[in-house]
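A.B. asks: Let me begin by handing over the structure; questions about it come next.
Taken together, the values in this text are just the output of simple stated rules run on the coordinates, not laboratory data. These numbers were taken from a predicted model, which means no experiment stands behind them. No Cβ is skipped: glycine too gets one built from the backbone with ideal geometry, and neighbour counts run over all protein chains shown.
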Amino acid sequence: MSVSIAWFRRDLRLTDNPALAAAAGADEILPVFCFEAGLTGGRHRSANRNAYLLASLRELADGLRSAGAPLNFRHGDPATEIPRLASECGAAEVHVNRDHTAHARSRDGRVAAALEKAGAALVGHEGIACADPNAIRTTDDRPFRVFTPYFRAWLDAPRRDPAPRPRRLVAPGGISVGRPPSKADLGIDISAERVAAAAGPGERKGRKLLRRAIERAGAYAEIRDLPGLDETTRLSPPLHFGTISALELERALARTRSNGAKALRRQLAWRDFWLNVIGQRPANRNEEFDPRFRGMSWRDDAESLEAWKRGETGVPWIDAGMRQLLAEGWMHNRLRMATASYLTKNLLIDWRAGEAHFMHHLLDGDESQNNGNWQWAASVGADPQPWFRVFNPVRQQSRFDPDGIYARRWVAEIRELPDEHLAAPWRAPAAVQEAAGCVIGRDYPEPLVDLGESRREAISRFRDQAD
């Protein structure tokens, strides 16, 4: 009888899972998830993501068990654990959905070599991206460096057919299923559990968000920049963990002609673009994509960095975003851009410090997306924001949160201020500050830097570095 292994990684679902569907074609299937050391001790470890992961795995295990095959758990180096499991169950193939980060490619290369020695094969499928990032290249067969031409090629790139959801599975006998790590082992505390639970881990809740996003896609273009409405899709964590299929979402959006659906589909293309960028240039993990800005002189200011992390910069738009991150493990995209610009352009602090902080807290923390977007905001990456463009947080708040719904939600100190002083409370007359209980320097911090002066310094410094 033929036996195949379905090795789950960032694809924790039964619906449209190419690796699972292919493995289910064997007479017997052994599903497995391997807990790698990086989940608890790696540079991007996150209690929030581990809590989301553990809850999603529990639901996945229930679904697989109901179909007839329990989810097996292993701990350690996959290059050791997966070949050992293949030998134990007699599997000839291990099916995976390919990931494209440097870590994933290195890991899979080692696993493939070890399996080959054991007489088995690692079989990859495209179950994470909408279209195979490696297959989208320029006319002279080079990887794209700019998003717009990539997007045009992405729209025309072939797509796989949706994978059928297995209904009945048969598991080989005599294999120890194993157990997932404890919450303590994964660093999960009550706060992380709360953050993960509120976001809705697992395929069932992920699919509910997916259906909601498709139904409301028509309004996406109008609401996406208004954080006070809190009406964006919230699909980034399910997409990161693969509790939903990016391709399923993209196919549904492609059938819709609204501008909102087109705008949301474009965001999925950005997701694939960053997978393509880091896949082609793994060094992006540690250094700038643009060679002109390698060796940039960033400011060493631990006190300001910590104030930024806590949401105590004295700028409500920035503080609101940073406090939402701490409370929810998520941040509205408009605020992600603004807080990143503030750190790198106003405080002139290294983008890597911001990238690490986001990765520590974000439920959707993904190396390719987070790295690409931080380098974009810092004007040092692929197809970046121009270095002379510096987000003005006062104007941003006045434009995208004119009634202060979002700012007041997260920055309690400013709630009683009149709307006209909400975005820049330090400019409010002393009597207004006193009446609102928001005296600058007493009830709410003074701004860390002058926005105009710091902008001019950033432009000067980036200009000198670029020349």
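A.B. asks: By its C-alpha gyration tensor, with a ≥ b ≥ c as the square roots of the eigenvalues, how is the range 336-431 shaped: rounded for a/c under 1.5, else prolate for a/b larger than b/c, else oblate?
C.D. replies: Judged from the Cα gyration tensor, the range 336-431 comes out prolate (a/c at least 1.5, a/b above b/c).
A.B. asks: Would you please give the residues with an amide H less than 5 Å from that of Val123, counting only those at least 5 places away or on a separate chain, with H modeled from the backbone geometry?
C.D. replies: Those lying under 5 Å, H to H, from Val123 are Val94, His95, Val96.
A.B. asks: Step by step: find N for the range 75-177, compute 2.2 N^0.38 Å, then divide the Cα radius of gyration by it. What's the final number? Walk me through the intermediate numbers first.
C.D. replies: Numbers: Rg = 17.4 Å, N = 103, 2.2 N^0.38 = 12.8 Å.
Taking N as the residue count of the range 75-177, the ratio is 1.36.
A.B. asks: With θ set to phi - 60°, apply the Karplus curve 6.51 cos²θ - 1.76 cosθ + 1.60 along the range 63-76 and write out the HN-Hα couplings as whole Hz, x wherever there is a Gly or Pro.
C.D. replies: Per residue, the Karplus-derived 3J(HN,Hα) values read x, 5, 4, 5, 7, x, 9, x, 7, 8, 10, 10, 10, x Hz.
A.B. asks: If you take all C-alpha pairs in the range 1-141, what percent of them are over 21 Å apart? Walk me through the numbers on the way to the answer.
C.D. replies: On the way: 4273 of 9870 pairs.
Of all Cα-Cα distances in the range 1-141, 43 percent exceed 21 Å.
A.B. asks: List the lysines whose Cα sits under 24 Å from the Cα of Lys309, skipping any in the same chain fewer than 8 residues away.
C.D. replies: Output for Lys309: Lys345.
A.B. asks: Rule-of-thumb check for the range 291-466: C-alpha Rg over 2.2 N^0.38 Å? Don't skip to the answer; put the middle values down first.
C.D. replies: Working: Rg = 15.9 Å, N = 176, 2.2 N^0.38 = 15.7 Å.
Computed over Cα atoms of the range 291-466, the ratio equals 1.01.
A.B. asks: Can you work out the FRET efficiency for the pair Ala135 and Ala283, with r the C-beta to C-beta distance and R0 = 22 Å, to the nearest 0.05?
C.D. replies: Details: r = 22 Å, r/R0 = 1.01.
Computed FRET efficiency for Ala135 and Ala283 comes out at 0.50.
A.B. asks: Largest first and to the nearest Å, give the Cα extent of the chain along each principal axis.
C.D. replies: Its Cα atoms span 81, 49, 45 Å along the three principal axes.
A.B. asks: Quick one: order Leu169, Leu155 by neighbouring beta-carbon count within 10 Å, fewest to most.
C.D. replies: Numbers: Leu169 22, Leu155 12.
Result, fewest neighbours first: Leu155, Leu169.
A.B. asks: Grab the eigenvalues of the alpha-carbon gyration tensor for the range 204-332, scale each by 5, take roots, and send me the semi-axes largest first in whole angstrom. Before the final figure, lay out the partial values.
C.D. replies: Numbers: eigenvalues 189, 95, 37 Å².
Square roots of five times the eigenvalues give 31, 22, 14 Å.
A.B. asks: Shifting gears a bit: Would you mind checking which residues have amide H under 5 Å from Gly68's amide H? H placed 1.01 Å from N; only 5 or more apart, or other chain.
C.D. replies: HN-HN under 5 Å from Gly68: Leu169.
A.B. asks: Give the residues of the range 440-458 whose amide nitrogen is closer than 20 Å to a point set 7 Å from the Cα of Glu420 in the direction of its Cβ.
C.D. replies: Only 440 pass the distance filter.
A.B. asks: Treat the count of other C-beta atoms within 10 Å as a stand-in for reagent exposure and order Ser245, Ser2 from fewest to most.
C.D. replies: Working: Ser245 27, Ser2 12.
With the sparsest Cβ surroundings first, the list reads Ser2, Ser245.
A.B. asks: What order do you get for Arg442, Arg137 when you list them from fewest to most C-beta neighbours inside 10 Å?
C.D. replies: Values: Arg442 12, Arg137 16.
By the 10 Å Cβ count, ascending: Arg442, Arg137.
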